[in-house]
Structure formats: C-alpha cells, structure tokens
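The values are calculated or read from the model by the stated rules, or taken from the named source; none is laboratory data. Remember, it's a predicted structure, so these values are computed and weren't measured experimentally. Side chains are part of the model used for accessible areas, which takes the heavy atoms of the whole protein and leaves out ligands, DNA and RNA. Shrake-Rupley method; radii C 1.70, N 1.55, O 1.52, S 1.80 Å.
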Amino acid sequence: MKYLKYVGALLFAFIVYTFLYLPILVTILFSFNESKVQVLPIKKLTFDWYRGLFSNTELWVAAKNSLIVSLPATLCAIVFGTLAAYLFQRYRIRGGTFLQFLILLPYILPGIIIGTSLNLLFKFLKVDASLMTVIIGHITFITPVVMFLVMDRLKRFDRNLEFASMDLGASPMRTFLLITLPNIRSAVLAGALLGLTISFDEVVVSFFLIGTDNTLPMLIWSMIRHGYSPQINAVYTLIVLFSLGLIAIAGSRLFAQRNSKAITEE
C-alpha cells in the first residue's frame, strides 16, 4: 500500500510539472525552428530569430521602456510596502485590518478595473498617459505584495533584538536600519524580485495607462495580433533565461548567507 501511495504521488507530481513546464520547453524549442510553422518534427535548427532580435530597434526600445517602468515601480513599492508592514506590525492602529485590506485591494481586483479606474482618475486630473502613469499604476499592485511578505517576516522576528538596541541608546530609526532591516532583507529581496517580475509582465493595467510608448509585453501582444512569429519564441526564451538568472543569483546569495551563518555558529 505504501508503495502504491509513493508511485501515485510521483505520478501526480509528474503530471502537474509536465502541465506547468512542458509549454515552456516547447516554446524554447520552437525558438530554434527555421520554419514559421510551429509543428513537430523540427526539420532544421537556426539562430536566425535571435539574430533578428538584435536588429529589431522597436523591440529594444520596448524592453528599455519596460525597465524604465519596472525598476522605479519596484523601488517605490519596496519603500512603501516595507514601511507599511513595519507600521501595521509594530503599532496598534484603529482600523488597521481594514487599511490592510484597502492596500491589498488593487492586487486582488481584476486588472481591467484598476486600469480603467486609474485611467479615469488621470483624465480627471488632466494628466496625460505616459510611462509615468504606468509606473504609478504598477506601484498600486506591487506594494501589497511587498507589504505582506515583509509582515510575515516581521511576525517571526525576535523583537528583543530591537529592545536591546534601544536600551543601549540607539534611536528607533537607527535600530530599524541596523537591526530590523538586515534581518528582514530576505523578505524585502523576495518582494523586490516578485514585484519586478509582476511589473515587467503586466499588460492589462499598462494598456489603460500607457500613451504612445510601448512596453515589451505590449509589443509582444501586438505582434501576436498581427500574426505569430517565431521571433516571439526567441523573446520569450531570453526572458525565461533572464528570470532563471535572477533566481540563481538570489538562491546562491541565500545559500552563501546560510553557510556563513552556520560556520559562525560552529
């Protein structure tokens, strides 16, 4: 019976992971297909679609715009989300639960509602659609991600370290910068990586707030509308590799920190 349960668990895991990752692998494979027809078997492999990317000026401008949007939005969300998490976790605020729900609301509402609402707000304020309005829109739904990740870390943080720091004469700000922040940086980093990924990938909110510029997801969406090209597979592959690179860097840093901590304790 135990053997059957083990086999059943392995089979279930195989089905789930196949469902999740097989489309990714197929897309990467087709990025090397010489033919525009996306069918198997692949008759000839080529790097032409990748070469075409490097000569596509519109694509690189869109990628630059995505970074212009994602990086400031993520940095602002880190500041707002971390401060909000510290405020809700360390102080008793009347109606704090309701305020947390209000901050979370832009993340759980459909993007079309957030995009439409912000679009109407900016029109009411007579603010023209631009990359700046997209940045503001992205901050609204990245901030709650950072906030709840940091709040969860603060719940598990030993406050006696903060009390000891203030007993020794450190101000609350100095205690936060030298004691609290280094101990919650893993949560802040996780929120930053997740927020950057969400922002870089966002289409719906960006569609309502962007002006004449284009972000990379918007450009890919427009390319799909006018006919599918294997060049999209190449773009997708590069994004996957970039994401895996960030995960590898974050994982290696975390592994190194744990090893150094273990060595210090020994």
Output the relative contact order of the chain, whole-number percent, from Cα pairs under 8 angstrom with separation of 6+ residues.
30 percent
Mean residue ellipticity (222 nm) of the chain, computed from DSSP H runs ≥ 4 via -39,500 (n - 2.57), nearest 500:
-26000 deg cm²/dmol
Taking θ = phi - 60°, what integer Hz values does the Karplus form 6.51 cos²θ - 1.76 cosθ + 1.60 yield along the range 142-148, in sequence order, with x for Gly and Pro?
8, 4, x, 4, 5, 4, 6
Which percent of the accessible area of the chain is formed by carbon and sulfur heavy atoms (probe 1.4 angstrom)?
70 percent
Tell me, what is the Rg over Rh of the range 55-145, with Rh the Kirkwood radius over Cα pairs?
1.06
Determine the gain in length on full extension of the stretch Ala13-Leu102; use 0.36 nm per residue of separation and subtract their C-alpha separation, reporting nm with one decimal.
28.4 nm
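How many times 2.2 N^0.38 Å is the alpha carbon radius of gyration of the range 48-265?
The reported ratio for this selection is 1.20.
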What list of whole percents do you get for P(r) of the range 1-131, with Cα-Cα distances grouped in 5 Å bins up to the one holding the largest distance?
2, 7, 8, 9, 11, 11, 11, 12, 12, 9, 5, 2, 1, 0
State in Å² the accessible area per residue of the chain; use a 1.4 Å probe, count heavy atoms of protein chains only, and round to the nearest integer.
65 Å²
In whole angstrom, the spacing between the Cα centers of the range 46-86 and the range 150-164 equals 33 Å
